[in-house]
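Heads up, the thing below is written out as structure tokens.
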Amino acid sequence: MSKRRSSKRRRKRRIAKGIIRFGIIALLVVILFSVFTLENVTTKGNVHESADDIVALACERPIAGNTLLCVLMNHNRAIKGNGFVESIDAQYGKRNQVRIVVTERKMTGCFLYGGKYWYTDSKGVVQASLPSLKEGDGIAPVTGLSLHTEPVIGEILPVSRTRVFVLLDTMRTLTDLYRIPPDEIRFDKNGSMDLIYKQVTVRIGDGTNLADRMEELAGILKVMDTSQAGTLHLENYDATQGQVIFDGLVR
């Protein structure tokens, strides 16, 4: 057998193997996109981002329309940059269904400026903005602080008292713990903090003994008539005291 004929046969075998490999890959792709066609996506945990935004984030090309790829490429996926979404986790349901569990970043306050509400994290960095407040998200609007310039997403909120970010972070942790999110957090010109619950103003003070004051407040709010109005004085409260003042009335 001549070398030329042997070389041609080897070349034909390589071509045939290549065609077979291509055919197998093409068949697998057809099976992948026909069997695992994405027909339904549900979301959980997204408070500030719409379901459509989450689906768009998780099902970008080239995984659009495929349940298997969507789950594989969005398993505990961290979302870098700014915004409300910290991570997403796509979970496989039935053959054509995916459930996306969203974890949002912990925001400690939001500030009105220029017709928008600017949301900050525990370090005071602006993460996102919305045209209106989101009800029931546990993030109270913060008032009484002057902003020097318009906030910029990704930068620290331009306020003179940066210590307020520590207070807001601690306050968010405690109000989440006791499940008593305020309607508003208000600072006066001296930096003292008030919490607003409907018609009740709660004087918290400069932030000292904050854990004791919030624990006491949680107990008071459980028994307080929601129709009451007035001022609850906790600005000088510590755990050694047996009573607090509500508009001059002793509890």
Failed criterion for Tyr117 (all others in (1) more than 26 Å from Glu235 (Cβ to Cβ); (2) in contact with a helix residue (DSSP H, G or I) (Cβ under 7 Å, 6 or more places away or on another chain) hold): (2)
Which pairs turn up if I take residues in the stretch 191-219 that are over 22 Å from Thr240 (Cα atoms) and look for partners that are polar (S, T, N, Q) and part of a strand (DSSP E or B) with beta carbon separation below 7 Å, at least 6 apart in sequence or on another chain? Thr201/Thr231
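Looking at the stretch 175-207 only, could you name the residues that are of a type in the set (A, V, I, L, M), under 21 Å from Met107 (Cα atoms) and either part of a loop (DSSP other than H, G, I, E, B) or out of contact with any Lys or Arg (no Cβ under 9 Å at 6 or more places or on another chain) (or both)?
Residues satisfying the conditions are Leu177, Ile180, Ile185.
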Looking only at residues that are open to solvent by 60 Å² or more (accessible area, probe 1.4 Å) and among the acidic types (Asp, Glu) in the stretch 180-203, which one is modelled with the lowest pLDDT? Asp188
Looking only at the stretch 99-131, count every residue that is in a loop (DSSP other than H, G, I, E, B) and of a type outside the set (A, V, I, L, M, F, W, C) and tell me the total. 10
For the stretch 72-98, what are the residues that are out of contact with any strand residue (DSSP E or B) (no Cβ under 7 Å at 6 or more places or on another chain) and in a loop (DSSP other than H, G, I, E, B)? Lys80, Gly81, Lys94, Arg95
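Can you find a residue that is closer than 23 Å to Thr173 by Cβ and either touching a residue at least 60 places away in the same chain (Cβ under 8 Å) or surrounded by fewer than 16 Cβ atoms within 10 Å (Cβ to Cβ) (or both) anywhere in the stretch 51-74?
Filtering the stretch 51-74 down to residues closer than 23 Å to Thr173 by Cβ leaves none.
No, there is no match, as no residue in the stretch 51-74 is closer than 23 Å to Thr173 by Cβ and either touching a residue at least 60 places away in the same chain (Cβ under 8 Å) or surrounded by fewer than 16 Cβ atoms within 10 Å (Cβ to Cβ) (or both).
The values are calculated or read from the model by the stated rules, or taken from the named source; none is laboratory data. Owing to the predicted nature of the structure, the values given are computational and were not obtained by experimental measurement. Here the Cβ is made from the backbone with ideal geometry for all residues, glycine too, and neighbour counts use every protein chain on show. When the accessible area is computed, the model is the full protein with side chains, heavy atoms only, and any ligands, DNA or RNA have been set aside. Shrake-Rupley method; radii C 1.70, N 1.55, O 1.52, S 1.80 Å.
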